[in-house]
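Note sheet for the following structure.
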Amino acid sequence: MSTENKFKWSVTVTTLLFFVLLLAAVKTGFAQTTSDAYRVDKFDVSGPVSLEVQTSGGSIKVIGSSDKEVSVEMYVRRRGNYVAAGEANLDDYNIEISQSGNTIKAVSKRDSKGNWNWNRDGYSISFIVYTPQETRTRLKTSGGSLSAKNLTGSQELRTSGGSITTEGTQGELVLKTSGGSINVTDNHGAVDANTSGGSINVKSVVGNLNVRTSGGGIRISNAEGSVTAKTSGGSIRAEVTSPQELIDLRTSGGSIGISVPKENGYDLDLDGNRVRVDLVNFNGRSEKDEVRGSMNGGGIQIKAKTSGGSVTLEYL
């Protein structure tokens, strides 16, 4: 190997090693453990739990477990680094972590009289809560993401600055964000989800579904129930394995794809630049860009309208 090639090989190996070490450092920096918590509060409970968690500058995560206690972990970060207990000046924050019967509160609010440049020099306060599975929640943050997992009961999650994720829940979901995406996986109960700044992804939901976004696409798979989905900034793809009463999909910025069982009766109202559907036992009007009429004697309403793409109806 020539001296020039040896030099090139050495530079390549050094560069790869640098990026490997950098990646390891990043992963280590973002790994969060209980030892990083600023404080941990534990409460014994009996029966269903009502949980309220609120913060203005961080994320909130709630996880259901088989334990008979609620464990609230509070994390404080400054400029991306965890702050140890007692080392933060939280005089500008009103923090309440308390219990009243089976009602648990974990609230962090910044005093409005605090320094105006708190975004640069202030603290980010986040919560992770472990609670019995039978817990209904009200989670709210203006500066981070929200997550709820393995819970039974109604869940209300609201944020203006991050994403929302739920998994393995039973009960009504009310989800709202103006600055991120929404992801719902495995829920038994009605879902009302609204975002103005991201996509919506829903997997395995039993219950009526109402989702809206003005800034991204919508993906729905393995849904059972009535489905309403609207977006002005992307496409819609909906797989409804057991439809009930109504499927209403609307977008002005993309295409629409629908998958439903073939054997059901449907009333179709489809409108797009082009409509693609295999019509079976159909009675009505079918054009290149619209289809209106009944199939298999009619029944479940399927409405799909787009001004920015095609509409495709397929069968499972």
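The values are calculated or read from the model by the stated rules, or taken from the named source; none is laboratory data. Small disclaimer: the values here were computed from a predicted structure and weren't measured. Glycine gets a Cβ as well: all are built from the backbone with ideal geometry, and neighbour counts include every protein chain shown. Note: accessible area is taken over every heavy atom of the protein model, side chains too, but ligands, DNA and RNA are not part of it. Shrake-Rupley method; radii C 1.70, N 1.55, O 1.52, S 1.80 Å.
Pairing residues of the stretch 119-142 that are assigned to a strand (DSSP E or B) and acidic (D, E) with residues that are open to solvent by 20 Å² or more (accessible area, probe 1.4 Å) and modelled with pLDDT of 95 or more, at Cβ distances under 6 Å and at least 6 apart in sequence or on separate chains, gives E134/P48; E134/T152.
Could you run through the stretch 63-91 and say how many residues are touching a Gly at 6+ places or on another chain (Cβ under 9 Å), in a loop (DSSP other than H, G, I, E, B) and open to solvent by 60 Å² or more (accessible area, probe 1.4 Å)?
Residues in the stretch 63-91 being touching a Gly at 6+ places or on another chain (Cβ under 9 Å), in a loop (DSSP other than H, G, I, E, B) and open to solvent by 60 Å² or more (accessible area, probe 1.4 Å): 1 in total.
Return yes or no: is S307 loosely packed, with under 15 Cβ neighbours inside 10 Å, over 25 Å from G189 (Cβ atoms) and under 28 Å from the mean Cα position of the chain (by Cα)? Criteria met by S307.
Table: residues versus (1) within 16 Å of F127 (Cβ to Cβ); (2) of a type in the set (A, V, I, L, M, F, W, C); (3) within 13 Å of the chain's Cα centre (by Cα).
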position	(1), (2), (3)
S147	yes, no, yes
R158	yes, no, yes
G162	yes, no, yes
E172	no, no, no
L175	no, yes, yes
S181	no, no, yes
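I need the full set of residues from the stretch 134-178 which are surrounded by fewer than 20 Cβ atoms within 10 Å (Cβ to Cβ) and either in contact with a Leu (Cβ under 6 Å, 6 or more places away or on another chain) or among the aliphatic types (A, V, I, L, M) (or both), in order please. Within the stretch 134-178, V174 is the sole residue that qualifies. Filtered by the rule that a residue be farther than 18 Å from A238 by Cα, in contact (Cβ under 8 Å) with a residue 24 or more places away in the chain and not polar (S, T, N, Q), the stretch 288-316 gives R292, G293, M295, G297, G298, G299.
Is one or more of the residues making up the stretch 236-252 aliphatic (A, V, I, L, M) and open to solvent by 20 Å² or more (accessible area, probe 1.4 Å)?
yes
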